[in-house]
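Here is the structure we will look at, set down as structure tokens.
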Amino acid sequence: MITAVKGTQDLLFPEVRRWQQLEAAARGLFERYGFGEIRTPLLEPTELFVRGIGDETDIVAKEMYTFQDRKGRSLTLRPENTAGVARAVVEHRLHDSPQHARLYYIGPQFRYERPQKGRYRQFHQMGIEILGEGAPGADAEGIAVAVDLLDAAGIPAATVQLNSVGCAECRPPYVALLKASLAPRVSELCGDCRRRLETNPLRTLDCKVPSCQPVLDAAPRLDEGLCAACADHHRAVREILDLLRISYRVRPRMVRGLDYYVRTVFEVTSEALGAQDALVGGGRYDGLLRALGGPDAAGFGWALGMERLLMAMPPLPGERLPRVYLAWSGAGTYARVLLLARELRAMGVAVLVEHQERSFKSALKRADRLNARWALLVGEEELESELYTLKDLASGGQQALAAADVAARVREEAP
Ligand code: HAM
């Protein structure tokens, strides 16, 4: 037996219905905030992620699906979508077009991580990117979109965690200070922190290993190292969030795992999830477009893990598909039934036709196994009168109705 690749999953009906509903709700919300959809390729040149995300990040150093194509080009299955969106914006000069300043995406991403609950190798994100707006209001409004989406999905106990990671001006002196303060206590740090101290010192800050906590707590605080412009920006984002009545917690040690961030970073976590509690992650990335050969344009965005959101969402009520199971008996009935099914579908009803003649008793059994909501029974008498027997499979009641009335009755109930 051939099974799905480790860390990937098949999405089956009716579970897939929840995905469709989440996507529909998100699209509506994104459009109300002025976002248009972008769909970028799953395959990108490896160089894009090395330059965009940073070669010292876990994603680029250990988690990418990278391979050579037949011409020896290095390609990578996208581990996230921000770099691809930025590439597309630069490539098509979308930064000159206000119409393309707000983009959203929904789709699969690939990371070679150890699979566990809420963590997959193929997972799905929905996200937004706001381009060319450097004002703190764009950060706060972007966060509001995430909060609205989680509210609409009924996510309990979601918390916004906020921080500023400074900019190219104030971060290098802070990092030097951090390194100097951690160096004398390096023996108290875990192996990961020791390695990061060399490759990406800022990342030591959000280490979760208990024994590192006292050392990191004693280190200089990132928010105290911000330059005046970054501190002002951070303050303004918080003020606008307050104005929008969005509650948040400032977490001065949150730095996130992608190198393109400047100033605002944020995550939304939910207690309804286990160890993998981050539902949404994002922040500001002024400078990314420039690093990819584009203009010096601002950027802010986030992405949400759809598998995680769906885990935290309350389940949908059960659903029956097909709505109507159409069974028949008697000579000459089948031809009429095929046409009747098309008529009903044209009137918006989901119908499954039985292609073999069966006794109504056996047809009803089959309707039950199919989990249909209604059975429509057509025999010679019904053919004659053009009144068909519609049986309610929940209550057992039945009525004789003309085709249009069958459609009207079935459509009364939302699917
Ligand atoms: P990220 O924090 O790497 O950010 O991912 C965002 C979200 O994707 C996470 O909070 C989580 O819900 C989900 N996620 C990540 N990895 C996995 C996985 N292996 N399995 C399941 N879910 C996962 C980014 O990707 C940035 N591109 C966000 C962004 C957009 N920043 C600016 N614009």
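Percent of accessible area on region 145-276 owned by carbon and sulfur, 1.4 Å probe? So the carbon and sulfur contribution to the accessible surface is 53 percent. Close lysine pairs were tallied over the chain: pairs 8 or more places apart or on different chains with Cα atoms under 26 Å apart number 10.
Positive-end ranking of 11, 26, 375 along the dipole of the chain, with charges on Cβ about the Cα centre, is headed by 11. About the centre of its Cα atoms, the chain shows a dipole size close to 1060 debye [charges on the beta carbon of Lys, Arg (+1) and Asp, Glu (-1) only; nearest 20 debye]. Helical content alone sets the calculated 222 nm signal of the chain at -11000 deg cm²/dmol, taking -39,500 (n - 2.57) per DSSP H segment of four or more residues and averaging over every residue. For region 128-254, count the residues as N, evaluate 2.2 N^0.38 Å, and divide the Cα radius of gyration by that value, please. Working it through for region 128-254, the quotient is 1.21.
So how tilted is helix 136-152 from the main axis of the chain? Cα-based, degrees 0 to 90, rounded to 10. Its long axis makes an angle of about 30 degrees.
Sorted largest first by accessible area at a 1.4 angstrom probe radius, with every protein chain in place, the residues 33, 285 fall in the order 33, 285.
Surface analysis of region 73-158 yields an accessible area of 38 Å² per residue, using protein heavy atoms and a 1.4 Å probe. Helix 15-32 sits at what angle to the longest principal axis of the chain, using alpha carbons and giving 0 to 90 degrees rounded to 10? On a 0 to 90 degree scale, this one is about 60.
Remark: region 295-405 carries a charge dipole of roughly 400 debye about the Cα centre, counting +1 on each Lys and Arg Cβ and -1 on each Asp and Glu Cβ. Between the alpha-carbon centres of region 165-234 and region 388-410 there is a gap of 69 Å. Note that region 293-410 presents 49 Å² accessible area per residue, ligands and nucleic acids not counted, probe 1.4 Å. For the chain, relative contact order (Cα pairs under 8 Å, six or more residues apart, normalised by length) works out to 15 percent.
Taking the Cα atoms only, what angle lies between the long axis of helix 171-182 and the longest principal axis of the chain, rounded to 10 degrees? Once rounded, one gets 70 degrees. Of the peptides 326-338, 351-363, the ranking by mean beta-carbon count within 10 Å, highest at the top, reads 326-338, 351-363.
The values are calculated or read from the model by the stated rules, or taken from the named source; none is laboratory data. Given the structure is predicted, the values throughout are model-derived calculations rather than measurements. A quick note on method: Cβ atoms are made from the backbone with ideal geometry, for glycine too, and the neighbour counts reach across all protein chains shown. Just so you know, the surface numbers come from the protein's heavy atoms only, side chains and all, with ligands and any DNA or RNA stripped out. Shrake-Rupley method; radii C 1.70, N 1.55, O 1.52, S 1.80 Å.
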